[in-house]
Amino acid sequence: MKKLIRPDRPSIAVDAFVRRSLRSARMRAGLRTSAVTVGLALSVGSAAAWSAEAARADDIQLLEEIIVTAQFREQGLQSTPVAITAMTGAQLEQKSLSTVTDLNALAPNLTAAKGTNTNGPSAQLFIRGVGQSDGHPGLEPGVGLYVDDVYRGLLLGTDLDLTDIDRVEVLRGPQGTLSGKNSLGGSLKLFSKKPSDQTDGYVQGTYGDFNRIELRAGGNFTLVPDTLYARVSGASKQIDGYMQRIDYFCTHPGTSPVNTQIPVVPNCKLGTEGGIDTQTLRVALRWIASDNIENNLIADATRDRSEVPAQKLIASNNTQVTAGGGQLVPGGGSQYITGARSYTTYATFVQPGFTDPAPLNGKPGAGIHGATALTPIDPIDAWGLSDNLSWKISDQYTLTSITGYRRYSGTYSIQVGGSPFPAQLLNDTWSHRQFTEEVRLNGTSFDRLDWTVGGYYYDQLAYFGGLKLLNPGTQTTNPATGAVAVNETIFTGSDPIPSKSKSGFVHGVYRLTDQLSLIGGVRYTNENKTYTFQRLNPYGPGPSYNPVGALDGSSKTYSGSRVDYRAGVEYQWTESLMTYAQWSTGFRGGGVNPRPFIVQQETTFKQETEQASELGFKSDFLDHHVRVNAAAFYNQYNDIVLVNTAPMVIGAISFPNSTPLNIGKAHIYGAELEIEARPFGGLQIDASAGYQHFKLTQLNQGVGVTVANVSLNTNEPYAPDRQVNIGVQYVYQLGTAGTITPRIDGNYQSKFFTDIQNQPLGLVAGRTLMNLRTTWKSASQDWETAAGVTNLTNKFYYINKVYGAPPTGITEGQPGAPREWFVTVKRNF
C-alpha cells in the first residue's frame, strides 16, 4: 500500500505517560507535534484528581490540537509562534457558523460583516482594526482570504458558504512574508476536506424561520484503491428575506403614486430584502502517484441569486433641487423613515422619470427621461479550479506547486434613500478573472534549519460598470451670480482593470537549542494596476453629457514595489508552555481612484503599510485540560487609505467626491486572550477577548482635496475596541441512546464608527448576541439531530451603516437578522 504523504490525522488515544513522552521527544528533536487530537486514557493517579464521569468521557474532554500550515509546513497550533486561531469544521457546526460573515469574533479582534447595499455583496473583513469595507474591484482587500491556499483577489462574492470545511485559520497581524500582498490586517484561511479511503459521508437537511430550507451533502469515493480518491460535496440554501419592502403610496392613501412602474400588490408589500438563495458544488480529486508524489485537484462552482442586503433609512434631509424647481425628494425624505425597530423600508428600486437641467439642453441624449426599474437581486456566478502538487524530492526537500484559476460575474442593485424617490439608483455590473501560481521549496539543513524559498504570481482582469443615476435631474444655483450648474451624474460603461503582482520570498526557523529558535523571513513584491474609465451616455451615442463624460477613454496606472520582513524568537519552556516575540511588516496594494466625478479626481494613492511588534505565549495546563493563549501587539500604521467624501469645490461649483486618500499615520495597540477548558465530565468551555486602541499620530492634507472634519482624536472606521466571545456546552452520556449536548454562545462587540469623520449618524452601537443549540447524536454516531435559535434575545441591532453628507443627509443602516429558529437532521455514513 502506498504511503499517504499528507495522511488524514484522526484522533488517537494513548496513555498519558506515552503522550507526554512523545511531546517531550518531539520538543527535544526540535519538531512540532503533528497529531490533530491527542487522547488520554486516565491513569490511576490522575483519575483520583478527576471524577469517575470524566474517566468514562475522556474522548470528549480532551483539548484538540489542530494542525496548521501558517509557516509553510505542518505544525501543531500550540507550537506555532504566530497569533493564530484555528477551528475545525465540527467546531464551526457546534457554533452554528455556516458562512464567512458568521465568523465575526471567532478570533479576538476579528470582525466579519455582510457588505451593505451600497458596497456590494461581500464579506467586510477586519483584523486588528485593518481591513476594507468597499467591494469595488478596483480596491484591494486589507485581510487576505485564502481557500485551499489559493488567494481570493476581491471582496465581492466572498461571503462563502462553509460546507465541508476541514478547518479555518485566522492569522492576526501583518502577514507580509507568510501570506504576501493585502494581508495587512491578517489572513483568513479556509481548508476543505480532502478525499481519503474513509467514506466520511453525510446528508443533512435543515428547516427554519423565514421558510429556511437547506440541504448539504458530502462523501468520499475510492476510484483506484491506494491511488485515486474523489470527494463530492454541495449545498443548497434558501431563506426568505427578513426586511419587508412596503409601498408607501399604498399605506398612505392620501398620496398619489409618482410612478406607474411600482406594481399594485396585496397587503402593500413589494417584496423583501436580505433573502438568501445559493447553491454550491465542490469536487476534489486526490491522486497519490507514489510514496513521494501527491496531487490534489479541486473544482468548485457557486450560483447565488440572493436578494440585496437589508437596508433601512435612518435619516434624510435631501435639499437637492431639480430642474423644475422642486426637491428631488419632497420634504427632504424624513417622512419615509419607518419605525425605529421595524424591519421595513419604502425602497422601490424604481427611479421616477426626470428632466435634465437646462445647461445640458441640446446635448445628445439630454432631455426628458422615463422611469427606470431594477430587480433587487444580486446575482453571482462563480467557478474555479485549484491544484496542489507536492513532490517529496528527498527526506530533506519537498517541492509544492499551488495553481489557481477563478472566474466571477455578477450585478448588484443599489438604491440610496429608502423611499419612492431615490437619490441614487445604480445597477453595478462586475466580472473578475484571476490566475495565481505559487511555488515553494521546503527544506531542512544541518538538522536545525527549516527553510522555505518560493515565488508567487497573480494576474487579474476585472471589469466594473453598469448604469449610474446619481441625483438625476438636479442642479445648483450660484447665489452670487445666479448661474446654474449641473449636479446630476449619469453614465454607463464597463471599466477594464488589469492588474499583476509578482513576489519572491524566503522564510526560515533555526533551532539554536532544543528550546530556543530564531525566525526570519523576507518577501519582495512588485505590482501594477491600470484603470481605464468608460463614461458613456445611457440615452444616446458617445460620452456622458454630464461633466463626468470628460473622463471617458482616459486611464491611469499605479505601480509599486515593497519589501516585507519578519524576525522573531521562540522559546519552548516546557512541553506545555511556549513564548515568542516577533516583528513583522505587511502592505495593502495601492491603486487608482475608481470613482472620479471630474478629471481633477483621477488620482492614484499609495500602498498602506504596517510594522508590528508582538509578544505572546501558548500554554496548556492541568494535563492538557485547560489551554490559555495570549498576545499583545503594537502596530505602526502608515499611509492609511480612507475615502474623502467632502464635496470638491472648483471655482464656485461644488462637485461630488469619493476619492481614496493616504490620510496619515496611526498607532494601533491591543491585547488578545483565548481560553479553552475541559474541566470535568462533558463540560467544554471556550472563550476569547480582544482589545485594540487606534490613535492617529499624523494627518495629511491632499493636494486639491482636504480631509474634512478629521482630527487626531478620531476613531478608525469598522474597528470596535472590545470584543468578548464565550461558549459553553455539556455532553451528556445517554448510554445506548447516544449523547445530547446543549450549547450556548454569547458575543459582545463594542460600538464603532463607519466613517473617518466619526459622524454620530454613522455610529454602530455595541451589542450582545446569544445563540442556543442542542444536538443529539446516536450511540453509533450515524444520526444527528440539532435544534437551535440564533439571536436568542431577539436583539434589534445594526451590522453596518452608510453615512450621507449634505446636501442629501441620507444615512442608512443594515439591520441584523431577528431571532430565528432551525431544526437539522443529519445522517452520517
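The values are calculated or read from the model by the stated rules, or taken from the named source; none is laboratory data. Just so it is clear, the structure is predicted and the values come from calculations on it, not from any experiment. No Cβ is skipped: glycine too gets one built from the backbone with ideal geometry, and neighbour counts run over all protein chains shown. The area values use the complete protein model at the heavy-atom level, side chains included, leaving out ligands, DNA and RNA. Shrake-Rupley method; radii C 1.70, N 1.55, O 1.52, S 1.80 Å.
Look at V599 and say whether it is touching a strand residue (DSSP E or B) at 6+ places or on another chain (Cβ under 9 Å) and of a type in the set (V, I, T). Judged against the criteria, V599 is not a match.
Residues checked against (1) closer than 22 Å to K237 by Cβ; (2) within 23 Å of the chain's Cα centre (by Cα); (3) in contact (Cβ under 8 Å) with a residue 24 or more places away in the chain:
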residue: Y803; (1), (2), (3): no, yes, yes
residue: P806; (1), (2), (3): no, no, yes
residue: I810; (1), (2), (3): no, no, yes
residue: N828; (1), (2), (3): yes, no, yes
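Among the residues of segment 181-218, those identified as among the small types (G, A, S), buried (at least 20 other Cβ atoms within 10 Å of the Cβ) and in contact with a Gly (Cβ under 8 Å, 6 or more places away or on another chain) are S183, G185, G186, S187, G218.
Looking at the structure I just gave you, is L712 open to solvent by 50 Å² or more (accessible area, probe 1.4 Å), of a type in the set (A, V, I, L, M), at pLDDT below 95 and within 26 Å of the chain's Cα centre (by Cα)?
Numbers: open to solvent by 50 Å² or more (accessible area, probe 1.4 Å): yes; of a type in the set (A, V, I, L, M): yes; at pLDDT below 95: yes; within 26 Å of the chain's Cα centre (by Cα): no.
For L712, the condition - open to solvent by 50 Å² or more (accessible area, probe 1.4 Å), of a type in the set (A, V, I, L, M), at pLDDT below 95 and within 26 Å of the chain's Cα centre (by Cα) - is not met.
Kindly establish whether V649 is over 26 Å from V728 (Cα atoms), outside any loop (DSSP other than H, G, I, E, B), open to solvent by 20 Å² or more (accessible area, probe 1.4 Å) and touching a Pro at 6+ places or on another chain (Cβ under 7 Å). No, not satisfied.
Just a yes or no: is a residue in segment 627-643 at pLDDT below 95 and more than 23 Å from the chain's Cα centre (by Cα)? No: zero hits.
Given the criterion among the small types (G, A, S) and open to solvent by 60 Å² or more (accessible area, probe 1.4 Å), identify the matching residue among S306, S334. Don't jump to the end; show me each part of the working.
Working: S306 fails: open to solvent by 60 Å² or more (accessible area, probe 1.4 Å).
Going through S306, S334 in turn, the sole match is S334.
Residue-by-condition table, conditions (1) open to solvent by 60 Å² or more (accessible area, probe 1.4 Å); (2) touching a residue at least 60 places away in the same chain (Cβ under 8 Å); (3) outside any strand (DSSP E or B):
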residue	(1), (2), (3)
Q434	no, yes, no
D450	no, yes, no
D459	no, no, no
P479	yes, no, yes
G504	no, no, no
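Answer yes or no: is there a residue in segment 70-89 that is on the phi > 0 side of the Ramachandran plot and either touching a Ser or Thr at 6+ places or on another chain (Cβ under 7 Å) or open to solvent by 10 Å² or more (accessible area, probe 1.4 Å) (or both). Please lay out each step first, then the result.
Going residue by residue through segment 70-89, those that are on the phi > 0 side of the Ramachandran plot are 72.
Next, from what is left, pick out any that are either touching a Ser or Thr at 6+ places or on another chain (Cβ under 7 Å) or open to solvent by 10 Å² or more (accessible area, probe 1.4 Å) (or both): 72.
There is at least one residue in segment 70-89 that is on the phi > 0 side of the Ramachandran plot and either touching a Ser or Thr at 6+ places or on another chain (Cβ under 7 Å) or open to solvent by 10 Å² or more (accessible area, probe 1.4 Å) (or both).
Counting the residues of segment 141-151 that are under 14 Å from the mean Cα position of the chain (by Cα) and either of a type in the set (G, A, S) or surrounded by fewer than 24 Cβ atoms within 10 Å (Cβ to Cβ) (or both) gives 5.
Which residues, counting only those in segment 481-502, are in a loop (DSSP other than H, G, I, E, B) and at pLDDT below 95? Spell out the reasoning first.
Taking segment 481-502 first, the residues in a loop (DSSP other than H, G, I, E, B) are 481-483, 487-488, 493.
Matches in segment 481-502: T481, G482, A483, N487, E488.
Can you tell me which residues in segment 541-594 are of a type in the set (D, E, K, R) and modelled with pLDDT under 95? Result: E575, single match. Count of segment 309-327 residues, restricted to those that are open to solvent by 10 Å² or more (accessible area, probe 1.4 Å), modelled with pLDDT of 85 or more and among the hydrophobic types (A, V, I, L, M, F, W, C), is 3. Filtering segment 339-385 to residues that are under 30 Å from R282 (Cα atoms), open to solvent by 30 Å² or more (accessible area, probe 1.4 Å), touching a residue at least 60 places away in the same chain (Cβ under 8 Å) and outside any strand (DSSP E or B) leaves only P379. Applying the criterion of being in a loop (DSSP other than H, G, I, E, B), under 30 Å from T736 (Cα atoms) and not acidic (D, E) to the residues of segment 770-815, the residue that is most open to solvent (accessible area, probe 1.4 Å) is Q781. Out of all the residues in segment 313-333, is one or more farther than 30 Å from Y539 by Cα and among the hydroxyl-bearing types (S, T, Y)? No - not one qualifying residue is present in segment 313-333. The single condition among (1) closer than 27 Å to K695 by Cβ; (2) within 25 Å of the chain's Cα centre (by Cα) that Q582 does not meet is (2).
Mind listing just one residue for me: the one in segment 722-766 that is in contact with an Asp or Glu (Cβ under 6 Å, 6 or more places away or on another chain) and crowded, with 18+ Cβ neighbours inside 10 Å and, of those, modelled with the lowest pLDDT?
First, the residues of segment 722-766 that are in contact with an Asp or Glu (Cβ under 6 Å, 6 or more places away or on another chain): 727, 750, 762.
Those still in the list that are crowded, with 18+ Cβ neighbours inside 10 Å too: 727, 762.
Values: G727: 97, G762: 91.
Once the filter is applied, the top-ranked residue is G762.
Scanning segment 120-160 for residues that are assigned to a strand (DSSP E or B), of a type in the set (S, T, N, Q) and touching a residue at least 40 places away in the same chain (Cβ under 8 Å) turns up just one, Q124.
For segment 529-556, which positions are in a strand (DSSP E or B), of a type in the set (S, T, N, Q) and surrounded by 17 or more Cβ atoms within 10 Å (Cβ to Cβ)?
Correct list: T532 only.
Counting only residues that are within 23 Å of R128 (Cα to Cα) and part of a loop (DSSP other than H, G, I, E, B), segment 735-761 holds 8 of them. Taken together, the criteria place T403 among residues that are in contact with an Asp or Glu (Cβ under 6 Å, 6 or more places away or on another chain) and surrounded by fewer than 18 Cβ atoms within 10 Å (Cβ to Cβ). When residues in segment 654-676 are screened for being in a strand (DSSP E or B), touching a Pro at 6+ places or on another chain (Cβ under 9 Å) and open to solvent by 20 Å² or more (accessible area, probe 1.4 Å), 5 of them pass. Out of G473, G455, G508, G520, one residue alone is closer than 27 Å to T585 by Cβ, touching a Phe, Trp or Tyr at 6+ places or on another chain (Cβ under 7 Å) and either open to solvent by less than 10 Å² (accessible area, probe 1.4 Å) or at pLDDT 95 or above (or both). It is G508.
Total residues in segment 516-558 satisfying the condition of being more than 30 Å from L360 (Cα to Cα) and of a type outside the set (S, T, Y): the figure is 11.
Matching residues to (1) modelled with pLDDT of 95 or more; (2) touching a helix residue (DSSP H, G or I) at 6+ places or on another chain (Cβ under 9 Å):
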| residue | (1), (2) |
| --- | --- |
| V143 | yes, no |
| Y146 | yes, no |
| P174 | yes, no |
| L190 | yes, yes |
| Q198 | no, no |
| I213 | yes, no |
| G234 | yes, no |
| Y242 | yes, no |
